[in-house]
Amino acid sequence: MRSFLYIFSALAVVALGFWAYRENYTTQEAMREVRDLHREIGTAHERLQVLRAEWAYLNRPDRLRDLAELNFERLRLLPLMPDAFGKVAQIAYPAAPLFPITNPIEVSSDNDPAEEDQP
């Protein structure tokens, strides 16, 4: 019986060692993937910053004004001027629709509680 326990204990130690070995390599692989993902995220952030800088450069007002002037015959774009904008008071909002009263309710003041309270 004692030899069976020794053999079982030795097999359990070997099995646990094998499990720990596999978990160690699985963890290292996961850590490698996380590092690669962080690197990709950093690269994507750098690309995004470059694209934002290019967008800001291409949307400069003076550049857009020059492009509008160069392509006026084709696009018929006019430059933006302060007087091109209207005021809120100039906007004609539609009137709210008035619905007809179909089921009128008569209100009577015969049982007015305010009258009962008076002496």
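Every number here is computed from the coordinates shown, using simple stated rules; none is lab data. Not measured: the values here are computed from a predicted model. All Cβ positions, even for glycine, are placed from backbone atoms using ideal geometry, and neighbour counts span all protein chains on display.
Computed quantities for the displayed model
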item: Listed residues Ala56, Thr102, Gly86: farthest to the positive end of the dipole of the chain (Cβ charges); result: Ala56
item: Listed residues Phe18, Ala30, His45: farthest to the positive end of the dipole of the range 1-73 (Cβ charges); result: Phe18
item: Nitroxide proxy distance, nm - points 7 Å out along Cα→Cβ at Tyr25 and Glu40; result: 2.4 nm
item: Local electrostatic count, Asn71, Cβ distance below 15 Å [Lys/Arg +1, Asp/Glu -1]; result: +1
item: Within a Gaussian network of the chain (alpha carbon springs, distance under 10 Å), most fluctuating of Ala30, Ala92, Ala68; result: Ala92
item: Mean shadow area of the chain over all directions, Cα convex hull, nm²; result: 32.6 nm²
item: Value at 222 nm in deg cm²/dmol, rounded to 500, when DSSP H runs of n ≥ 4 in the chain each add -39,500 (n - 2.57); result: -22000 deg cm²/dmol
item: Theoretical gain in end-to-end length, Arg63 to Tyr6 [0.36 nm per residue, Cα-Cα removed]; result: 12.1 nm
